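Note sheet for the following structure.
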Amino acid sequence: MEGVIRIAGTVGESIVDGPGFRYTVFTQGCPHHCPGCHNPQTHDFAGGREVELDVLLRDICRNPLVSGVTFSGGEPFCQPEPLYALAVELKKKGKHLMAYSGYTFEQLMVLENPAVRRLLEQLDLLVDGPYLEAERNLELRFRGSSNQRVLDVPQSLLANAPVWDERYR
């Protein structure tokens, strides 16, 4: 697989970035700059480092216990092309895929870049919406503030509207 992606880093074994035992990719670059962001070091689009997609794929697949991959950030949808290419290969390997985005599902659906839609089509779950410090809630699963939603992406795409994954409401 050809291509590169700019990342802030990775976590090879996570149980907090989505359901199951996961590998998390923290993309570099974010336009949202949410006050109180958990990963402010990921905001600078020139920061982090570039990694080849095939190197990243090999690293993800090294651990046979990893059942899913989470694209976090930064803002993953600022790099939809390389993430789409990676997602296709991960789906072939049976991985559950999810992403965090400061954009809402509705905002993603109207972005001009067709790779955004292609990336969405590979995802199982999406945590959408900006982190809002005033709505912070540590009791929520896989999200930091109560305005954020955990969406069933295939059902949302079918409905052309956000559909909650009821397991995480």
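The values are calculated or read from the model by the stated rules, or taken from the named source; none is laboratory data. Since the model is a prediction, treat every value here as computed from it, not as a measurement. Note that we place each Cβ from the backbone using ideal geometry, even for glycine, and neighbour counts take in every protein chain shown.
Inside the range 125-148, can you point out the residues that are of a type outside the set (Gly, Ala, Ser), surrounded by fewer than 21 Cβ atoms within 10 Å (Cβ to Cβ) and part of a strand (DSSP E or B)?
Once the filter is applied, which keeps residues that are of a type outside the set (Gly, Ala, Ser), surrounded by fewer than 21 Cβ atoms within 10 Å (Cβ to Cβ) and part of a strand (DSSP E or B), the range 125-148 yields only Arg136.
In the range 4-54, how many are touching a strand residue (DSSP E or B) at 6+ places or on another chain (Cβ under 9 Å), on the phi > 0 side of the Ramachandran plot, outside any strand (DSSP E or B) and surrounded by fewer than 19 Cβ atoms within 10 Å (Cβ to Cβ)?
Here the count works out to 2.
With the condition kept exactly as written, say whether any residue in the range 70-91 is hydroxyl-bearing (Ser, Thr, Tyr) and in a loop (DSSP other than H, G, I, E, B).
no
Name every residue in the range 136-162 that is modelled with pLDDT under 95 and of a type in the set (Asp, Glu), in order of residue number.
Glu139
Just checking, does the range 68-76 include any residue being at pLDDT 95 or above, buried (at least 18 other Cβ atoms within 10 Å of the Cβ) and among the β-branched types (Val, Ile, Thr)?
yes
If Met98 meets every condition in (1) without any contact (Cβ under 8 Å) to a residue 60 or more places away in the chain; (2) closer than 19 Å to Gly74 by Cβ; (3) of a type outside the set (Asp, Glu); (4) not in a loop (DSSP other than H, G, I, E, B) apart from one, which number is that one?
(1)
Considering Gly36, Gly48, Gly73, which residue is under 22 Å from Arg141 (Cβ atoms), out of contact with any Cys (no Cβ under 7 Å at 6 or more places or on another chain) and of a type outside the set (A, V, I, L, M, F, W, C)?
Exactly one residue qualifies, and that residue is Gly36.
So which residues in the range 12-22 are over 20 Å from Cys78 (Cα atoms) and touching a Ser or Thr at 6+ places or on another chain (Cβ under 7 Å)?
If the condition is that a residue be over 20 Å from Cys78 (Cα atoms) and touching a Ser or Thr at 6+ places or on another chain (Cβ under 7 Å), then Ser14, Gly18, Gly20, Phe21, Arg22 are the ones that fit.
So, in the range 81-110, of the ones that are more than 12 Å from Val25 (Cα to Cα) and touching a Pro at 6+ places or on another chain (Cβ under 9 Å), which residue ends up surrounded by the fewest Cβ atoms within 10 Å (Cβ to Cβ)?
Filtering first and then ranking leaves Glu106.
Mind listing whichever residues of the range 149-169 are within 16 Å of Thr104 (Cβ to Cβ) and part of a loop (DSSP other than H, G, I, E, B)?
The answer is Asn160, Ala161, Pro162, Val163, Asp165.
Which pairs have Cβ atoms under 6 Å, sit 6 or more apart or on different chains, and link a residue in the range 48-76 that is under 13 Å from Arg22 (Cβ atoms) to one that is surrounded by 12 or more Cβ atoms within 10 Å (Cβ to Cβ) and of a type in the set (Gly, Ala, Ser)?
Listed by first residue and then by second, the contacts come to Ser67/Gly20; Gly68/Gly18; Gly68/Gly20; Thr70/Gly18; Phe71/Ala99.
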